[in-house]
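In what follows, a single structure is set out as structure tokens and then discussed.
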Amino acid sequence: MKTQSFLKQRLFNLAIILGILQLGLNLPITAHAKAFNQVSSVTPIKDPFDHIKQVKAGVLDVGYVEAGPTTGEPVLLIHGWPYDIFSYKEVAEILAAKGYRVLIPYLRGYGTTRFLSDQTVRNGQQSALAVDMIAFLDALNIKNAIVGGFDWGARTADIMAALWPERVKGLVSVSGYLIGSQAGNKAPLQPKAELSWWYQYYFATERGLAGYQANTVEFNKLIWQTASPTWKFSEETYQRSATSFNNPDHVKIVIDNYRWRLGISKGEAKYDALEAKLATAPPITVPTITLEGDANGAPHPDSANYASRFKGKYAHHTINGGIGHNLPQEAPQAFANAILELASWLR
């Protein structure tokens, strides 16, 4: 009798389990998704830099990191050369903890960003990069954002603010106003200043193209060292960013960027109207904070020479402590503070 009772209980339990499984199989997809999302919300992704997202935007499939709540105020952060999204890793952590939606895309020629067509010109001119970022915001249905950048990223952010101020709520720009033109770049500099641009002239030659192609990682490490002479970055830190230079278009974009500045590369006709506007050195009217490290070893203008270009609410901060060219990575709290200060102006 005990054996029969035990068997009946086991069969009853099995029937219940089968019923539950059948109910699960009959659940609509949305119910399964809801259940998955409930589990996911309990165990969120710990490090967004381990999970690169992709979105088709303009001529590109853009790789990017997104940190913070999707409902937060958007902050677009743009890296420069020869750096990548990891320049903003600690900045992103600080801002995400404050509730901001932080977006950090790989520029064309970096990381997982790819051209959608093999036929697209591998163009590195300044306006093309800015158009990329406007397309990126469009692809994510973001009307406007706080935008920050350094090096190429600062120039791109400056251009966005100058040409599309309705898309830029506020601007944080390392080294200030960096918009240039081919005509303006024809004027020679003093010898010491020309010396600091040695790589631009190297890239203008076929030897420079071949040299950068053959020694990209070593070359860019040298730029890190000379642009930030007191920054003691580790080999692990450098190699983490160096992987982004493996992009199949990296060399073409970098060489074209610097050749365009000297007028060696003509650029594309579809950007001519934008470049004509930029050649007038248009003012930037959105609220702006400019930053400069006290040990920036890369070519950069004096803040006194560009302050008048900013016509809205404006402040400049020099960040002390041996801070070089890669300011967001060398002084992440200072860069994040500038974003937060700017955001306070906008409230």
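The values are calculated or read from the model by the stated rules, or taken from the named source; none is laboratory data. Nothing here was measured: the structure is a model prediction, and the numbers come from that model. Because the Cβ atoms are built from the backbone with ideal geometry, glycine has one as well, and the counts that use them run over all protein chains shown.
Observations
- Of all residues in the range 308-323, those that are touching a residue at least 12 places away in the same chain (Cβ under 8 Å) and either loosely packed, with under 15 Cβ neighbours inside 10 Å or touching a helix residue (DSSP H, G or I) at 6+ places or on another chain (Cβ under 6 Å) (or both) total 8.
- Taking the range 210-248 as the range and being touching a Phe, Trp or Tyr at 6+ places or on another chain (Cβ under 7 Å), hydrophobic (A, V, I, L, M, F, W, C) and more than 20 Å from Asn296 (Cα to Cα) as the test, only Val217 passes.
- Residue check, Asp272 modelled with pLDDT of 95 or more and either more than 23 Å from the chain's Cα centre (by Cα) or on the phi > 0 side of the Ramachandran plot (or both): yes
- Residue within the range 137-153 that is among the basic types (Lys, Arg) and without any contact (Cβ under 8 Å) to a residue 40 or more places away in the chain present: yes
- The residue that is surrounded by the fewest Cβ atoms within 10 Å (Cβ to Cβ), among those in the range 106-124 that are farther than 21 Å from Val217 by Cβ and either touching a Leu at 6+ places or on another chain (Cβ under 8 Å) or not assigned by TED's automatic domain parsing to the domain that holds Val55 (or both), is Leu116.
- Verdict on Pro299 being surrounded by 15 or more Cβ atoms within 10 Å (Cβ to Cβ) and either among the small types (Gly, Ala, Ser) or assigned to a loop (DSSP other than H, G, I, E, B) (or both): yes
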